[in-house]
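Written below as structure tokens is the structure these notes are about.
The values are calculated or read from the model by the stated rules, or taken from the named source; none is laboratory data. Note that this is a predicted model, so its numbers are computed, not measured. We place every Cβ from the backbone using ideal geometry, glycine too, and count neighbours over all the protein chains shown. Areas reflect the complete protein model, heavy atoms only, side chains present, ligands, DNA and RNA absent. Shrake-Rupley method; radii C 1.70, N 1.55, O 1.52, S 1.80 Å.
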Amino acid sequence: MTSLVQWVHLVAAVVGVGGMAFVLAILLPSARVLREEHRNLLLKTVMGRFRLASWSAITLLLASGLYSIRLRAWEAPWGPYWKWLTVKIVLAFCVFTITLLLTLPLQALDRFRSRREMWLAIALGVALVVILISAYLRGF
Ligand code: HEM
């Protein structure tokens with residue numbers, strides 16, 4: 001069971017972070033070759049699918065992460081392990097918030113989305129720090 005939950009956590013992290021990297025490094029620059037109307041249509045379709053993938057990844061990361069805390073961290077005393085885990089969870093929530101703001105189908109968020117590339121780059125950078133902290137946590 002533990003391995004299955006770890007697997008779910010890792011797969012969700014790979015799909016979520018990999019998806020962000022793909023959109024940022026490959027899709028958005030490539031879409032610039034299209035005329036504006038075609039580019040907007042493509043990005044609208046992609047964002048619909050990205051929403052499904054990223055919301056699923058967030059749900060699975062939260063469920064498997066909470067389960068792992070119950071399994072691995074609950075008994076650990078307050079100290080460096082818990083401090084780094086707390087930093088990791090706060091940063092993960094920053095990534096989730098940016099992802100939700102970029103993908104929620106609300107017109108009020110269009111201004112935020114007009115700087116989509118910048119916010120995606122920030123979310124990706126923070127997610128990479130989250131993975132670094134996760135690797136460090138394994139050592140405890
Ligand atoms: C951007 C979001 C996240 C990413 C990319 C991420 C990534 C990872 C990775 C790569 C691992 C190592 C897996 C392993 O060693 O088996 C891990 C472990 C873990 N994650 Fe996450 N995670 C995220 C969010 C969360 C959240 C929201 C929670 C808690 C609610 C959480 C709790 C944990 C716990 C408890 C571990 C085990 C740490 C240990 O080795 O003691 N993660 N995470």
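Could you compute how much accessible surface residue 90 exposes when probed at 1.4 Å, giving the result in Å² to the nearest 10?
90
Rounded to the nearest 0.05, what FRET efficiency is calculated for residue 121 and residue 78 with R0 set to 41 Å and r the Cβ-Cβ distance?
The formula returns an efficiency of 0.75 here.
Which value, in Å² and to the nearest 10, is the accessible area of residue 23 when all protein chains are kept and the probe is 1.4 Å?
10
Could you give P(r) for region 1-83, binned at 10 Å from zero, as whole percent values over all Cα-Cα pairs?
16, 33, 25, 15, 9, 2
Gain in length, residue 63 to residue 46, computed as 0.36 nm per residue apart minus the alpha-carbon separation, to one decimal in nm?
Stretched fully, the residue 63-residue 46 segment lengthens by 3.5 nm.
Ignoring everything except DSSP H segments at least 4 long, calculate the 222 nm mean residue ellipticity for the chain; use -39,500 (n - 2.57) per segment, divide by total residues, nearest 500.
-26500 deg cm²/dmol, from helical runs alone.
Given bins 10 angstrom wide, list per bin the percent of all Cα-Cα distances in region 63-140, short to long.
For region 63-140, the pair-distance distribution reads 17, 42, 24, 14, 3.
Per residue and in Å³, how big is the convex hull formed by the alpha-carbon atoms of region 2-138?
Output value, Cα hull per residue: 105 Å³.
Using unit Cβ charges (K, R positive; D, E negative) and no other charged atoms, how large, in debye to the nearest 20, is the dipole of the chain about its Cα centre?
120
Choose one of 100, 29, 11: the residue whose Cα lies farthest towards the positive end of the charge dipole of the chain (beta-carbon charges +1 Lys, Arg; -1 Asp, Glu; about the Cα centre).
29
Distance between the C-alpha centers of region 10-26 and region 91-118? Whole Å please.
After rounding, the separation between the Cα centres reads 16 Å.
Pop out the carbon and sulfur fraction of the accessible area of the chain as a percent, whole number, probe 1.4 Å.
The computed percentage sits at 70.
Which value in nm describes the separation of the simple spin-label points at residue 107 and residue 71, placed 7 Å from the Cα toward the beta carbon?
Those two pseudo-labels are separated by 4.6 nm.
Using a 1.4 Å probe on the protein heavy atoms only, what accessible surface does residue 71 show? Give it in Å² to the nearest 10.
80
If you add up the charges near residue 32, with Lys and Arg at +1 and Asp and Glu at -1, over every other residue whose beta carbon is less than 15 angstrom from its beta carbon, what do you get?
Surrounding charge for residue 32 is 0.
Round to the nearest 0.05 the FRET efficiency obtained for residue 30 and residue 86 when R0 = 35 Å and r is the Cβ-Cβ distance.
0.35
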